[in-house]
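Here is the structure we will look at, set down as structure tokens.
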Amino acid sequence: MNTYIEYIIIIVALILISLIIMKLMKKDFSVEANKLIGYLGGKDNIINAECNMSRFKVILKDVSKVDKEAIQKLGAKGIVEIDNQLKIIFGKDARALKKYIDEII
């Protein structure tokens with residue numbers, strides 16, 4: 001009987017540890033979106049933002065205000081600049097970032 005209780009305690013402890021690890025690994029996209037807006041020159045610099053699969057496309061008033069290095073440190077796999085728009089490859093995180101950015105701007 002005591003061994004069953006020990007096994008149950010071990011299983012519960014493992015489940016709790018797994019849940020804590022998953023919580024710590026989850027990104028906080030609201031924080032990431034705020035950082036991205038800052039790196040794009042602020043919300044007043046953003047004219048339009050769109051998301052297409054893994055790419056985040058943003059049309060800006062002034063591209064010179066963009067901190068591309070910081071955007072790459074945020075997790076961008078690539079940035080393409082064409083006139084006043086940037087196409088930023090974020091992978092699977094692009095849609096989540098777009099959702100939070102829409103709420104902010």
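The values are calculated or read from the model by the stated rules, or taken from the named source; none is laboratory data. Note that this is a predicted model, so its numbers are computed, not measured. No Cβ is skipped: glycine too gets one built from the backbone with ideal geometry, and neighbour counts run over all protein chains shown. All accessible areas refer to the heavy atoms of the entire protein, side chains included, with ligands and DNA or RNA removed. Shrake-Rupley method; radii C 1.70, N 1.55, O 1.52, S 1.80 Å.
Listed values, structure above:
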quantity: Kyte-Doolittle mean at least -1.0 and Cα axial length at least 18 Å: DSSP H helices in the chain; calculated: 2-25
quantity: Accessible area of SER64 in the full protein assembly, 1.4 Å probe (Å², nearest 10); calculated: 100 Å²
quantity: Protein accessible area in the chain, 1.4 Å probe - carbon and sulfur %; calculated: 59 percent
quantity: Rough spin-label spacing in nm, given labels placed 7 Å along Cα→Cβ, for ASN52 and ILE15; calculated: 4.6 nm
quantity: Rounded to the nearest 10 Å², the accessible area of ILE20 at probe 1.4 Å; calculated: 100 Å²
quantity: Assigned charges on the beta-carbon of Lys, Arg, Asp, Glu; the range 13-105 dipole about Cα centre (debye); calculated: 340 debye
quantity: Relative contact order %, the chain, counting alpha carbon pairs below 8 Å whose residues are six or more apart; calculated: 27 percent
quantity: Neighbour net charge for ILE88 - beta-carbon separation under 14 angstrom, K R +1, D E -1; calculated: +4
quantity: Selected from SER30, CYS51, LEU19, residue furthest toward positive end of dipole (the chain; charges at beta carbon); calculated: CYS51
quantity: Those lysines that a straight Cα-Cα span of less than 19 Å connects to LYS92, excepting residues fewer than 8 apart in one chain; calculated: LYS23, LYS26, LYS27, LYS35, LYS57, LYS73, LYS77
quantity: Per-residue SASA entry for LYS68, accessible area with 1.4 Å probe, Å² rounded to 10; calculated: 80 Å²
quantity: Normalised alpha carbon radius of gyration of the chain [divisor 2.2 N^0.38 Å]; calculated: 1.55
